1. In the stretch B:146-173, which residues are of a type in the set (V, I, T), within 26 Å of the chain's Cα centre (by Cα) and within 10 Å of another protein chain (Cβ to nearest Cβ)?
2. Can you say whether A:H98 is open to solvent by less than 20 Å² (accessible area, probe 1.4 Å), touching a residue at least 40 places away in the same chain (Cβ under 8 Å) and either of a type outside the set (F, W, Y) or closer than 22 Å to A:D33 by Cβ (or both), as far as the supplied structure shows?
3. Filter the stretch A:75-109 for residues that are closer than 17 Å to A:N140 by Cβ and either assigned to a strand (DSSP E or B) or of a type in the set (S, T, Y) (or both) and give the result.
4. Quick check on my filter: what residues within the stretch B:236-255 are crowded, with 18+ Cβ neighbours inside 10 Å and either among the polar types (S, T, N, Q) or within 14 Å of another protein chain (Cβ to nearest Cβ) (or both)?
5. Just to be sure before I move on: is A:L128 on the phi > 0 side of the Ramachandran plot and outside the structural domain of A:G55 (by TED's automatic domain parsing) in the structure I sent?
6. Does B:G92 meet the test of being at pLDDT 95 or above and either open to solvent by 50 Å² or more (accessible area, probe 1.4 Å) or among the β-branched types (V, I, T) (or both)?
7. Cβ-Cβ below 9 Å, separation at least six or inter-chain, first residue in the stretch A:187-211 and over 11 Å from A:E149 (Cβ atoms), second of a type in the set (K, R) and part of a strand (DSSP E or B): which pairs?
8. Among the residues of the stretch B:43-79, how many are more than 14 Å from every other protein chain (Cβ to nearest Cβ), more than 25 Å from the chain's Cα centre (by Cα) and without any contact (Cβ under 8 Å) to a residue 40 or more places away in the chain?
2 protein chains.
Amino acid sequence: EGQGEDGYFASYGDVSVHELMLRDRPRMQAYRDAIVGNRKMFEGKTVLDVGTGTGVLAMWCAQAGARRVYAVEGSDMAHVAKKLVAANKLEGVVEVIHGVMEDVSLPEKVDVIVSEWMGFYLFHEAMLPSVLFARDKWLNKGGAMLPSEVTLWAAPCNTYACLAEGLDVSLLGEMREEAGAGAPNVVQLEERMLMSAPAVLETWDCGDVTAEELVSVRAKASVAADRAGQVNGVCLWFDCAFGEGVVLKTGPGEDPTHWMQTVVMLGATVEVEKGDVLPFEVCAKACRVQVHVHRRTHTHCRQVHMKQDDANSRRYIVTVTT
Amino acid sequence: EGQGEDGYFASYGDVSVHELMLRDRPRMQAYRDAIVGNRKMFEGKTVLDVGTGTGVLAMWCAQAGARRVYAVEGSDMAHVAKKLVAANKLEGVVEVIHGVMEDVSLPEKVDVIVSEWMGFYLFHEAMLPSVLFARDKWLNKGGAMLPSEVTLWAAPCNTYACLAEGLDVSLLGEMREEAGAGAPNVVQLEERMLMSAPAVLETWDCGDVTAEELVSVRAKASVAADRAGQVNGVCLWFDCAFGEGVVLKTGPGEDPTHWMQTVVMLGATVEVEKGDVLPFEVCAKACRVQVHVHRRTHTHCRQVHMKQDDANSRRYIVTVTT
């Protein structure tokens with residue numbers, strides 16, 4: 001906090017990231033429906049917003065009738081959040097706390113924890129452990145988590161199918177491979193680029209999942225190709241449920257979000273026939289995602305490692321092992 | 001062409017730009033409707049595709065029945081286009097020519113010129129002069145241009161209105177200004193962020209506009225604010241008509257394209273009442289966009305200069321003068 005109240009001007013780059021989030025309509029709509037549209041959960045209650053950023057979710061909680069909202073933010077965005085809370089005359093309800101969640105001390109326990117902690121393919125930002133820490137330390141028994149439940153989905157896909165209707169442009173995919181650009185692709189796919197119905201890899205209840213259970217996630221699914229074609233990757237995405245029928249969906253075919261989908265390229269093209277069963281496995285461990293797709297005698301495997309750059313938390317160093 | 005036929009692997013970065021284009025659904029749909037959906041324009045005809053890139057438009061022309069398609073591409077993407085044409089067994093019809101349009105010699109004149117030359121706010125990529133050069137040199141009298149007509153739209157806007165429903169986050173806009181990030185923003189606005197009905201700045205007929213007329217574009221419009229609020233910028237976008245009712249629209253409220261919209265920030269917030277008349281002026285000259293908004297005794301003016309980086313044509317150096 002030693003930078004003075006105008007220290008935040010140094011971090012404009014971060015502000016633009018938050019703008020991107022604020023312009024993400026499905027994201028904003030789901031949280032607003034879950035908060036402002038759900039007053040009975042908030043009226044007279046205490047709330048904790050973990051990683052409040054610009055403070056928008058915390059302010060919505062205040063507007064939904066919360067008695068007190070603790071808005072915790074570790075970065076200098078806390079200064080911006082404080083100013084926005086003042087600009088919206090909500091200082092009487094929302095208290096912005098500049099600090100790391102694990103070190104923060106609140107004057108009371110809370111009835112609701114709200115957070116937007118999701119990263120690419122759900123786990124990428126690795127912010128969930130802080131939310132779970134907050135839950136175990138500060139949430140009243142029987143308190144509510146928003147989102148309440150998250151689901152990881154996957155489907156084998158062909159990311160170059162249908163890119164140019166009626167034409168075969170799969171060579172572009174081969175070039176991507178040959179150029180070594182086998183990074184997990186954050187990209188918006190069309191539903192018809194999926195080669196099977198999507199499979200639920202796993203659903204986690206935010207009320208009782210433990211950080212230990214998330215250190216290493218290994219999920220298997222088996223799907224049948226719904227047509228003949230080629231598989232060149234596995235597409236991952238997530239949905240978040242907030243209760244009361246509010247669900248934030250980030251899959252192909254939904255309104256695009258800034259998360260889009262994450263495609264782990266196989267580094268190979270697997271020919272499939274309609275009905276072929278494709279067992280595959282996704283392992284995520286400390287931002288490491290590994291995908292196997294098996295078909296008959298062939299196994300295609302690629303391991304992708306994404307590491308946050310120490311100097312710039314918005315940049316990732318990606319390594320791929322085949 | 002000295003790099004050999006695999007020289008294109010060096011330019012993967014460019015391939016990813018082309019992928020972005022191919023994933024732009026409204027762009028692809030409009031061109032496909034205008035070409036494959038319009039066989040009578042192509043059947044038995046000769047076609048020139050200026051700046052063919054991956055060759056997709058040229059190949060669609062072949063599928064629409066063209067007798068011969070000359071696909072001219074100045075960059076090394078020509079190698080990729082050649083391979084894609086071969087992969088689609090269209091070498092008999094599509095001839096990819098690696099060269100600068102102004103230097104290329106074709107064996108005959110053409111009946112149709114197809115091109116996707118549009119940049120941000122229509123003129124940014126400055127590729128249109130090459131298309132007009134090609135038209136004047138190679139198009140048969142009475143030949144067709146696709147797109148046939150382009151329209152530049154504008155509307156005063158508030159880019160921070162409605163970013164977080166029910167909250168005032170205009171401070172983020174002020175931070176953007178104070179941080180000197182007054183660059184033309186390429187951003188997708190929602191329709192409700194516009195402060196008036198949009199105004200047509202100008203419509204150009206691709207069949208007869210001259211490059212000289214485009215050296216300096218100056219367009220004025222006058223709109224009335226449709227509600228009280230604040231204006232912090234002018235939003236620019238374009239539509240392209242292809243004839244036969246096919247129109248590619250890139251405005252707020254339409255399905256997003258990779259062009260999104262371009263907002264020139266005013267560097268000031270202008271308070272307006274419902275019905276206030278806002279005369280404004282947009283000047284574009286060699287990638288320089290200037291916007292004036294007048295209201296009563298105040299004039300807000302900002303000049304934005306975007307210059308392509310010599311070393312990387314996908315990077316722009318932006319300077320702003322107030």
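1. Across the stretch B:146-173, the qualifying residue is only B:T159.
2. Here the answer is no, as A:H98 does not meet what is asked.
3. A:S105
4. B:T250, B:P252
5. No.
6. yes
7. Every condition considered, the pairs that remain are A:L201/A:K220.
8. 3
The values are calculated or read from the model by the stated rules, or taken from the named source; none is laboratory data. Predicted, not measured: the structure shown is a model, and the values here were computed from it. Heads up, the Cβs are rebuilt from the backbone with ideal geometry, glycines too, and the neighbour counts pull from every protein chain shown. We work out accessible area using only protein heavy atoms, side chains counted, and drop any ligands, DNA or RNA first. Shrake-Rupley method; radii C 1.70, N 1.55, O 1.52, S 1.80 Å.
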